[in-house]
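Chemist: Here it is, the structure in full.
The values are calculated or read from the model by the stated rules, or taken from the named source; none is laboratory data. Note that the structure is a prediction, hence the values are computed from the model and not measured. Every residue, glycine among them, receives a Cβ derived from its backbone with ideal geometry; neighbour counts consider all protein chains shown. Areas reflect the complete protein model, heavy atoms only, side chains present, ligands, DNA and RNA absent. Shrake-Rupley method; radii C 1.70, N 1.55, O 1.52, S 1.80 Å.
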Amino acid sequence: MAMILEKVVPFGRSWDEYVKMFNLAPTDLNGKVIGIGDGPASFNAEATQQGYDVVSVDPIYTFSGPEIQARFNAVVDDIINQVKATPDDWVWTYHQSPEALRTNRIQVLHRFLQDYDSGKAVGRYQIGELPTLPFPSGSFSLALCSHLLFLYSDQLSYEFHLRSIQEMLRLAPEVRIFPLLTLMLKPSPYLAPVMQALSSSGYVVAIETVAYELQKGGNQMLVIRT
Ligand SMILES: C[S@@+](CC[C@H](N)C(=O)[O-])C[C@H]1O[C@@H](n2cnc3c(N)ncnc32)[C@H](O)[C@@H]1O
């Protein structure tokens, strides 16, 4: 299905945020890593600069850098205003305030845009979307998915979640997903049935607490290993 840019919130997170969201140790990044739904995160750019091997896949990579930047500019004020209007929903330990959050997201976007065209040219940013990704089985050692699955439980079905996670497990022996809350700050209703279904299929499934929390209560990731 063709992606409609007007439906996307192109907010991205940094390398440091990915490390904390996913409890990443240097050894976790020894192999080839795929970031699914990385959007305008600067994780790939910063990881590559440090010598790691990361591929990002996202339908938003159909668009040019200036198009992604324009979409960001169109939504950033509205999103920051929504955050300011709901002060009790957020934890201001990592980002100190809504304005600091805005500054971070702008810096991340610029870091991503600096890297985007050259990264795309060498295949580090690839167009694709769950639940079917354009890579051979076993292409990666670790698959990460930030701020897509579980977060958008009100928009994406249980079947979509399960098929998407099975697809990530086709690509990598370990999958990590963060956060486990919905946009409404509720635990995703899909978490328990997804964990049950994957355990029944023989996967090792665990919830781990991480050192990153912006959504109040959103400091857990799901880890699935074959
Ligand atoms: C809120 S952003 C998160 C970006 C990044 N992961 C981060 O945490 O900074 C969600 C991303 O998911 C992407 N997305 C939406 N539907 C997708 C799908 N079916 N498969 C993969 N990515 C998708 C969007 O284009 C967007 O870039």
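Chemist: Looking only at segment 170-199, filter to residues that are within 15 Å of the ligand (Cβ to nearest atom), closer than 23 Å to GLY128 by Cα and not in a loop (DSSP other than H, G, I, E, B); which one of those is most open to solvent (accessible area, probe 1.4 Å)?
Modeler: By that ranking, first place goes to ARG170.
Chemist: Tally time: how many residues in segment 51-84 are touching a residue at least 12 places away in the same chain (Cβ under 8 Å) and either under 19 Å from GLY128 (Cβ atoms) or over 17 Å from the mean Cα position of the chain (by Cα) (or both)? Before the answer, list the steps.
Modeler: Filtering segment 51-84 down to residues touching a residue at least 12 places away in the same chain (Cβ under 8 Å) leaves 52-63, 65, 67-69, 71-72, 75-76, 79-80, 83-84.
Those left that are additionally either under 19 Å from GLY128 (Cβ atoms) or over 17 Å from the mean Cα position of the chain (by Cα) (or both): 52-63, 65, 67-69, 71, 75-76, 79-80, 83-84.
The number of residues fulfilling the criteria is 23.
Chemist: So, in segment 154-165, how many residues would count as being touching a residue at least 12 places away in the same chain (Cβ under 8 Å) and either more than 11 Å from LEU144 (Cα to Cα) or in contact with a helix residue (DSSP H, G or I) (Cβ under 6 Å, 6 or more places away or on another chain) (or both)?
Modeler: Narrowing segment 154-165 to residues touching a residue at least 12 places away in the same chain (Cβ under 8 Å): 154, 158, 160-165.
In the following step, the residues that additionally are either more than 11 Å from LEU144 (Cα to Cα) or in contact with a helix residue (DSSP H, G or I) (Cβ under 6 Å, 6 or more places away or on another chain) (or both) were identified as 154, 158, 160-164.
The qualifying residues number 7.
Chemist: LEU29 passes all but one of (1) within 14 Å of the ligand (Cβ to nearest atom); (2) closer than 22 Å to PRO136 by Cα; which number fails?
Modeler: (1)
Chemist: Quick check on segment 114-124: of everything there that is in contact (Cβ under 8 Å) with a residue 40 or more places away in the chain and of a type outside the set (D, E, K, R), which residue is most open to solvent (accessible area, probe 1.4 Å)? Let's see the steps before the verdict.
Modeler: We begin by selecting, within segment 114-124, every residue in contact (Cβ under 8 Å) with a residue 40 or more places away in the chain; these are 114-117, 119-120, 123-124.
Filter once more, keeping what is of a type outside the set (D, E, K, R): 114, 116, 119, 123.
Values: GLN114: 138, TYR116: 2, GLY119: 0, GLY123: 21 Å².
Going through the qualifying residues, I end up with GLN114.
Chemist: Taking segment 125-152, which residues are under 19 Å from GLU17 (Cβ atoms) and open to solvent by 30 Å² or more (accessible area, probe 1.4 Å)?
Modeler: Here is the first cut: in segment 125-152, the ones under 19 Å from GLU17 (Cβ atoms) are 125, 142-152.
Selection gives HIS147, LEU148, TYR152.
Chemist: Right, here's the next one. So how many residues does segment 1-29 have that are more than 17 Å from ILE177 (Cα to Cα) and either modelled with pLDDT of 95 or more or in a helix (DSSP H, G or I) (or both)?
Modeler: Residues flagged as more than 17 Å from ILE177 (Cα to Cα) and either modelled with pLDDT of 95 or more or in a helix (DSSP H, G or I) (or both) within segment 1-29 amount to 5.
Chemist: Okay, moving on. For the subset of segment 200-217 comprising residues that are without any contact (Cβ under 8 Å) to a residue 40 or more places away in the chain and not in a strand (DSSP E or B), which member is least open to solvent (accessible area, probe 1.4 Å)? Break it down stepwise before answering.
Modeler: Going residue by residue through segment 200-217, those that are without any contact (Cβ under 8 Å) to a residue 40 or more places away in the chain are 200-207, 209, 217.
Among the residues that remain, those that are also not in a strand (DSSP E or B) are: 200-203, 217.
Details: SER200: 88, SER201: 79, GLY202: 57, TYR203: 63, GLY217: 42 Å².
Checking each candidate, the answer is GLY217.
Chemist: Specify the residue that is farthest from the ligand (Cβ to nearest atom); the eligible residues are those in segment 133-145 that are in contact with a helix residue (DSSP H, G or I) (Cβ under 6 Å, 6 or more places away or on another chain) and not aliphatic (A, V, I, L, M).
Modeler: So, considering only residues that are in contact with a helix residue (DSSP H, G or I) (Cβ under 6 Å, 6 or more places away or on another chain) and not aliphatic (A, V, I, L, M), the one farthest from the ligand (Cβ to nearest atom) is SER137.
Chemist: Restricting attention to segment 54-93, report how many residues are open to solvent by 70 Å² or more (accessible area, probe 1.4 Å) and either in contact with a helix residue (DSSP H, G or I) (Cβ under 9 Å, 6 or more places away or on another chain) or under 20 Å from VAL9 (Cβ atoms) (or both).
Modeler: Filtering segment 54-93 down to residues open to solvent by 70 Å² or more (accessible area, probe 1.4 Å) leaves 62, 66-67, 73-74, 77-78, 81-82, 84-85, 87-88, 93.
Of the ones still in play, those that are also either in contact with a helix residue (DSSP H, G or I) (Cβ under 9 Å, 6 or more places away or on another chain) or under 20 Å from VAL9 (Cβ atoms) (or both) are 62, 66-67, 73-74, 77-78, 81-82, 84-85, 87.
Matching residues across segment 54-93 total 12.
Chemist: Checking PRO87 against (1) in contact (Cβ under 8 Å) with a residue 60 or more places away in the chain; (2) more than 23 Å from GLN155 (Cβ to Cβ), only one condition comes out false. Which one?
Modeler: (1)
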